[in-house]
Amino acid sequence: MDFGKAKQNLEERGYKVSVFDTAAEAAAYLDSVIDGTTVSFGGSVTLDQMGLYEKLEKHNEVIWHWRVPEGATAPEILKKAMTTDVYVSSVNGLAETGEIVNIDGNCNRVASIMFGHKKVYLVVGCNKVQPDYDAALYHARNVAAPKNAQRLNRKTPCAVKADKCYDCKSPERICRGLSVLWTKPSAEECEVVLIGEELGY
């Protein structure tokens, strides 16, 4: 995939952008630049598929609510994750025009992406890159969110077929907060890592 347009527009909006052909190359890069620090992860199938936690934990303190250590609870880990120097997440939709879209349930991920860390890395497979903002929002809402609901075995209309958002009122609804980054948040460094392979949803 040609990321040229997306890269140019993201850089104009203040982001550093790195491009890799494969997930393995991107993981090796992140493993080299994130070293000897505190790191937390957002809930992310992309990061899991890359094996990034296992790489980084060898030389960093890594906090992830998908990997809760013995004696701790997920809420404790979520709170601790807000205080690390580095935050790594994927996104639900990225427009070639530069907008970055995320939908969240607990909203810990959208909060950490926007504020509180010295550096944020947003890792994005080519399947999440869409032509414009409307398409990125559609992907986040009607592709990523239903597939995540299905993965989590939620009892929501979208999880049955993972086909679209039904704007349900289910207590198990996972799409509770929407964030759009128009440009890079001013209080943090933020790098977008674009990967020419399909990762996550």
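Longer than 25 Å from Cα to Cα, which of LYS5/LYS128; LYS55/LYS164; LYS5/LYS58; LYS7/LYS118; LYS58/LYS119 are they? Say none if no pair is. Show your work: numbers first, answer last.
Numbers: LYS5/LYS128 14 Å; LYS55/LYS164 34 Å; LYS5/LYS58 36 Å; LYS7/LYS118 22 Å; LYS58/LYS119 20 Å.
Beyond 25 Å between Cα atoms: LYS55/LYS164; LYS5/LYS58.
Amide H contacts of SER40: ILE63, VAL86, TYR87, VAL88, each under 5 Å away and 5 or more positions distant or on a separate chain (H built 1.01 Å from N in the peptide plane; Pro and chain starts excluded).
Ranked by the mean number of other Cβ atoms within 10 Å of their residues, highest first, the peptides 174-181, 194-201, 143-150 fall in the order 143-150, 194-201, 174-181.
As a test of understanding, state the convex hull volume per residue of region 4-195 from its alpha carbons, in Å³. Please report the intermediate quantities before stating the final value.
Working: hull volume 21.5 nm³, N = 192.
Enclosed volume per residue, from the Cα hull, is 112 Å³.
At a 10 angstrom cut-off on C-beta neighbours, averaged per residue, how do the peptides 28-40, 46-58 rank from highest to lowest? Spell out each step's value before the answer.
Working: 28-40: 16.2, 46-58: 18.9.
Final packing ranking: 46-58, 28-40.
For region 62-109, applying the loop criterion from DSSP together with a ceiling of 15 other beta carbons within 10 Å to the chymotrypsin sites (Phe, Trp or Tyr not before Pro) yields TRP66. Scoring 130-142, 112-124 by mean Cβ neighbours within 10 Å over their residues and listing the highest first yields 112-124, 130-142. Can you tell me which of GLU61, GLU70, GLU172 moves the most in a GNM of the chain? Springs connect C-alpha atoms under 10 Å apart. Checking each option, the largest mean-square fluctuation is seen for GLU70.
Note that region 85-97 has calculated 3J(HN,Hα) couplings of 6, 10, 10, 10, 8, 9, 9, 8, x, 10, 8, 4, 7 Hz, one per residue in order, obtained from phi through the Karplus relation 6.51 cos²θ - 1.76 cosθ + 1.60 (θ = phi - 60°); glycine and proline are x.
For the chain, the Cβ-based charge dipole about the Cα centre amounts to some 840 debye (Lys, Arg positive; Asp, Glu negative; other atoms uncharged).
Listed values for region 179-186 are Karplus-derived 3J(HN,Hα) couplings in whole Hz (6.51 cos²θ - 1.76 cosθ + 1.60, θ = phi - 60°), namely 10, 10, 8, 6, 8, 4, x, 6, and x replaces Gly and Pro.
Please name which of VAL124, VAL91, ALA28 has its Cα lying farthest along the dipole of the chain towards the positive end, using unit charges on Cβ (Lys, Arg +1; Asp, Glu -1) and the Cα centre as origin. The residue sitting most towards the positive pole is VAL91. Phi-derived couplings, Karplus 6.51 cos²θ - 1.76 cosθ + 1.60 at θ = phi - 60°, listed residue by residue for region 151-163: 4, 8, 6, 6, 8, 10, x, 5, 6, 4, 10, 6, 9 Hz, with x used for Gly and Pro.
Read the figures in this text as sums done on the coordinates, not as results from a lab. Everything numeric in this text was worked out from a predicted model, so none of it was measured. No Cβ is skipped: glycine too gets one built from the backbone with ideal geometry, and neighbour counts run over all protein chains shown.
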